[in-house]
Structure formats: C-alpha cells, structure tokens
C-alpha cells in the first residue's frame with residue numbers, strides 16, 4: 001500500500017506546483033549527492049538557534065524546482081527508531097532536500113485529525129509559538145498563520161501557508177501540499193516572514209491499521225546560515241518531529257474519527 005502503482009525503478013515522480021509528475025530518467029537531472037559529515041561539538045548555536053530554525057523550515061513549502069518521490073539520486077542518510085531519511089542535491093539550490101519515511105502507530109483517521117487541526121502545531125512542531133487557521137474555504141483548501149519562537153539573537157519567524165489536501169492524487173493515499181503564501185496577511189513588525197520552502201506529506205493506510213508516512217521537504221532558509229551546516233543537520237529535525245507526531249496521533253482526542261468522502265474525494269472528518 002505504500003508506493004504509487006505506476007512508479008518504476010527507472011522513472012521519477014516529482015512534485016511541481018502541488019502536482020505529481022512522472023518522467024523518464026533520460027529527462028532528469030541526475031546528481032549524485034556528496035554527503036557531508038555530521039557537525040559535532042557545535043554547541044549552543046546548533047542546539048538553541050539552528051535547530052529551531054530548521055524546525056520552522058520543516059513546516060512550509062517550495063516554489064522553485066521539483067522534489068522527486070522516487071529517484072536514483074536519493075541517498076540514505078539515517079535509519080533510526082523506525083524512521084528512514086534520504087537526502088539529495090536540489091538543482092539550483094545550495095540546500096539539500098530530504099525524504100523521511102516511517103510508519104505511524106495510529107490509523108489514518110487519527111493522523112488526519114491531527115493534521116487537520118492547526119493547533120496541533122503547538123504539540124509537535126518544535127518552537128511553534130502561535131498558530132491560527134483562516135480563510136478555510138473547505139477541508140481541502142485552507143490557510144494557516146504561525147509564529148515560531150527563536151532564541152536570541154535570532155528574530156522570531158512567521159509564515160503563511162496554503163494547505164491543500166487530496167485523496168485523488170495518489171489512489172489509496174491522502175496527499176497534503178503546504179505552499180507558502182507570504183503576502184496573504186500583512187507583515188508583522190519585529191518578525192521575519194519566511195517565504196520560500198516546500199513540504200509534501202503522503203499518508204497511506206497499512207494492512208495492520210497503521211499509517212505509512214512519506215515526508216518530502218526542501219527549504220531555502222535565507223540569512224547567513226551556511227548551507228554546509230544546514231545540510232549536515234538536516235536529518236535531526238525530521239527525526240525529532242516524527243517522534244513527537246507519533247505520540248500525538250495516539251492521543252485519545254484524535255481517535256474515533258471517520259473520514260468523509262464525496263465523489264471519491266476526502267471532504268472532512270466526523271466524530
């Protein structure tokens with residue numbers, strides 16, 4: 001139940017502008033990433049400043065480039081606590097993309113109940129200080145605004161995201177695209193508005209009642225953060241975030257839900 005049925009070893013499935021595309025490897029940019037060693041002993045800067053900023057980056061979306069779901073140039077970076085993380089060079093960027101794959105210990109209904117609740121950001125996203133949903137046109141088309149707490153001397157960040165959810169894009173799975181829309185709300189004095197980043201989630205129910213999760217991410221952090229340091233630490237935040245998410249989806253508040261469909265499309269949750 002995990003892999004879209006039409007994907008082959010010699011083909012790539014990419015996401016561009018919120019849509020999946022499959023194309024022959026003859027038409028792809030094939031870059032074998034050169035991995036850098038994990039940075040050790042980087043002290044307070046890494047633990048209190050860089051990691052929270054990376055945590056913020058993991059909640060948003062990408063405008064430029066494509067992130068392949070399946071491609072020969074994904075390189076294994078980490079396997080820990082049931083989470084597998086791959087990275088790849090992203091054409092036109094100094095910052096790598098990552099793909100995290102895991103199985104959450106909860107049914108897909110509970111997972112979607114968490115993902116549909118903007119306030120869950122406070123429960124599992126590192127540094128999430130404030131969040132509110134707005135302009136909710138439907139379950140499938142909504143917006144959220146959030147502020148991330150950053151340690152001094154880094155200024156707090158805020159971001160606006162467009163969230164689109166579909167059960168038709170990949171048969172048997174639920175796909176979420178989160179795209180930054182920085183000008184949809186006025187800028188706030190004293191905060192730095194993040195503008196360019198990309199996140200896609202693919203949730204697939206497993207035969208034993210759990211949920212397979214694929215998380216695709218690429219971000220341009222801006223500022224003065226060096227790419228070699230960001231790339232070296234890219235696996236740490238998804239590992240921590242997935243660990244927290246796996247606890248939250250087991251919370252009784254998110255259990256007992258039912259997915260509601262109309263004409264084959266997911267339109268909400270009941271219960």
Inset, instruction - For segment 78-229, just say rounded, prolate or oblate: build the C-alpha gyration tensor, square-root its eigenvalues into a ≥ b ≥ c, call rounded for a/c under 1.5, and beyond that prolate if a/b exceeds b/c, oblate if not. - result: oblate
Inset, instruction - Report relative contact order for segment 201-271 in percent, whole number only (criteria: Cα-Cα under 8 Å, sequence separation at least 6). - result: 14 percent
Inset, instruction - Would you please state which residues of segment 80-123 a label at residue 239 would reach in this model, taking the label point 7 Å out along Cα→Cβ and a backbone N cut-off of under 15 Å? - result: 80-87, 99-102
Legend entry - segment 93-171: relative contact order as a whole-number percent, Cα under 8 Å and 6+ apart: 19 percent
Inset, instruction - Sort 74, 228 so the one with the fewest other Cβ atoms within 10 Å of its own Cβ comes first. - result: 228, 74
Inset, instruction - Return the distance in nm (one decimal) between the two label points of a simple spin-label model at residue 94 and residue 130, each offset 7 Å from Cα along Cα→Cβ. - result: 3.2 nm
Legend entry - Highest to lowest packing among 229-240, 117-128, scored as the average C-beta count within 10 Å: 229-240, 117-128
Legend entry - Residue exposure sequence - 247, 99 - by fewest surrounding Cβ within 10 Å: 247, 99
Inset, instruction - List 134, 139, 98, 203 from most exposed to least, where exposure is judged by having the fewest other Cβ atoms within 10 Å. - result: 134, 139, 203, 98
Inset, instruction - Evaluate the distance, in nm, between pseudo-label points positioned 7 Å from the Cα of residue 255 and of residue 189 along their respective Cα→Cβ axes. - result: 4.9 nm
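Each value in this text was obtained by applying a stated rule to the coordinates, not by laboratory testing. On a predicted model such as this, the values are computed, not experimentally measured, just so you know. Every residue, glycine as well, gets a Cβ built from its backbone with ideal geometry; the counts of neighbours run over all protein chains shown.
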